[in-house]
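A.B. asks: The structure that follows is given in the form of structure tokens.
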Amino acid sequence: MEKKNIDWSNLGFGYVQTDKRYVSTWKDGSWDEGQLIDDPVITMSECACVLQYAQTIFEGIKAYTTVDGKIVTFRPDLNAERFADSAKRMEMPVFPTDRFVDSVKKVVKANESFVPPYGTGATLYIRPYMFGINPVIGVKPAEEFQYRVFTTPVGPYFKGGAKPITIRVSDFDRAAPHGTGHIKAGLNYAMSLHAIVDAHNKGFDENMYLDPQTRTKVEETGGANFLFVTKDNKIVTPKSDSILPSVTRRSLMYVAEHYLGLEVEQREVYFDEVKDFAECGLCGTAAVISPVGKINDHGNEICFPSGMDEMGPTISKLRETLTGIQMGTIEAPEGWIVEID
């Protein structure tokens, strides 16, 4: 299929309307069969539950063109599982895993001309989401829901691409100790909007959130998990009940251990020890892994030995290996790559 006339190499991380999207409705206790539609506009009541009480969840997946010209997605079954966990926590009906994966494949196939060519650095971002759509004025869950999937071609999440970024320690909390930090609910991201705008206004790329209970342990940023490299080349990621279980982070940990032969550890990471790490990265679907060069803690700077000019050697190797798996230049573990046929 002929590709759209898009400047693929200069895409930002923004919304570009594509041709088709998928929609399925939950009503009277069951999902309908779902369909691909053309119209990107959603019509709902002014009193829809999503508008009144933010009953909405979402996922982020990417589709790629591999070195041999195939179009693939990366581990959508894990996104389906996390989406189900989010739905249960938010009192929403679970969209079945097989239908979730099938809907992703259908939408990517229908928007094949928007999948960036191999080698451009761009990808097709896939956004499955669900929300309560019927009118609700009393504080309670909706009874009718829409599950939707749209796509948009995107470039790098951070403007500098893979250049090291500067982040700050935030005074705000990302999640409550027993709240919804472990699921991908829209309300978590709404809570982070003021903090990220404030960070950008003050010259920082992102926020580092500490644990909300003691504010002594590293959690995550507004949209990515942390990954640290020790001076003896061990990979460490923070462990917490209020951290989102990132598909990318789990994949990078596997790559580190099974492809690169590195020791990996998921544990509580105290902020006091961050200064002793050799490298720091932010990992997630949108960014893959972005190096952190500097952390500002209320005027006190933590500068990583890897510096501000390029990503450190271990994080660079992790990124290179994972993107190689995604792009088809490195053999993938079984089940990781799902071809769009």
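A.B. asks: Given charges of +1 on the Cβ of Lys and Arg and -1 on the Cβ of Asp and Glu, with all other atoms neutral, how large is the dipole of region 131-214 about its Cα centre, in debye to the nearest 20?
C.D. replies: Dipole magnitude for region 131-214 comes out near 260 debye.
A.B. asks: So what is the accessible area of region 188-330 per residue, in Å², with the probe set to 1.4 Å?
C.D. replies: Working: 6060 Å² over 143 residues.
For region 188-330, the solvent-accessible area averages 42 Å² per residue.
A.B. asks: Give, rounded to the nearest 20 debye, the magnitude of the charge dipole that region 103-174 has about its Cα centre when Lys and Arg contribute +1 at Cβ and Asp and Glu contribute -1 at Cβ. Please report the intermediate quantities before stating the final value.
C.D. replies: Details: 10 positive and 5 negative charges, 52 e Å.
Here the size comes out at about 240 debye.
A.B. asks: Pull up the cross-link candidates among the aspartates and glutamates for LYS231, meaning alpha carbon to alpha carbon under 13 Å and not fewer than 8 places away within one chain.
C.D. replies: GLU263, GLU273, ASP276, GLU279
A.B. asks: Given the peptides 66-78, 206-218, 265-277, arrange them by the average over their residues of other C-beta atoms within 10 Å, most packed first.
C.D. replies: My ranking of the peptides, most packed first, is 206-218, 66-78, 265-277.
A.B. asks: Give the cross-link partners of LYS140 among the lysines, using a straight C-alpha distance below 24 Å as the criterion and excluding same-chain residues fewer than 8 apart.
C.D. replies: Correct list for LYS140: LYS27, LYS88, LYS184.
A.B. asks: So, one more: Which FRET efficiency value, to the nearest 0.05, is calculated for GLU273 and LYS4 with the Förster distance at 41 angstrom and r the Cβ-Cβ distance?
C.D. replies: Approximately 0.30, to the nearest 0.05.
A.B. asks: Still on this model: So, with a 1.4 angstrom probe, what is the percent of accessible area on region 246-312 that is carbon and sulfur?
C.D. replies: The computed percentage sits at 42.
A.B. asks: Say R0 is 30 Å: what FRET efficiency, to the nearest 0.05, do GLU301 and GLU334 get from their beta-carbon distance?
C.D. replies: Efficiency for this residue pair is about 0.10.
A.B. asks: May I pose another question? Run the accessible area of region 57-121 with a 1.4 Å probe and give the carbon-and-sulfur part as a rounded percent.
C.D. replies: The C+S portion of the solvent-accessible surface of region 57-121 is 49 percent.
A.B. asks: Give the aspartates and glutamates reachable from LYS109 as a straight Cα distance under 19 Å; neighbours fewer than 8 places away on the same chain don't count.
C.D. replies: GLU2, ASP19, GLU33, ASP38, ASP39, GLU59, ASP68, ASP77, ASP98, GLU339, ASP341
A.B. asks: Which value in deg cm²/dmol, rounded to the nearest 500, describes the helix-derived mean residue ellipticity at 222 nm for the chain, given -39,500 (n - 2.57) per DSSP H run of n ≥ 4 and division by the residue count? Walk me through the numbers before you get to the answer.
C.D. replies: Values: 6 runs with 76 residues, N = 341.
Theoretical 222 nm ellipticity from helices: -7000 deg cm²/dmol.
The values are calculated or read from the model by the stated rules, or taken from the named source; none is laboratory data. Quick caveat: nothing in here was measured; it's all calculated off a predicted structure. Counting neighbours? That spans all protein chains shown, and the Cβs are built from the backbone with ideal geometry, glycine included. What goes into the accessible areas is simple: the full protein's heavy atoms, side chains included, and nothing from ligands, DNA or RNA. Shrake-Rupley method; radii C 1.70, N 1.55, O 1.52, S 1.80 Å.
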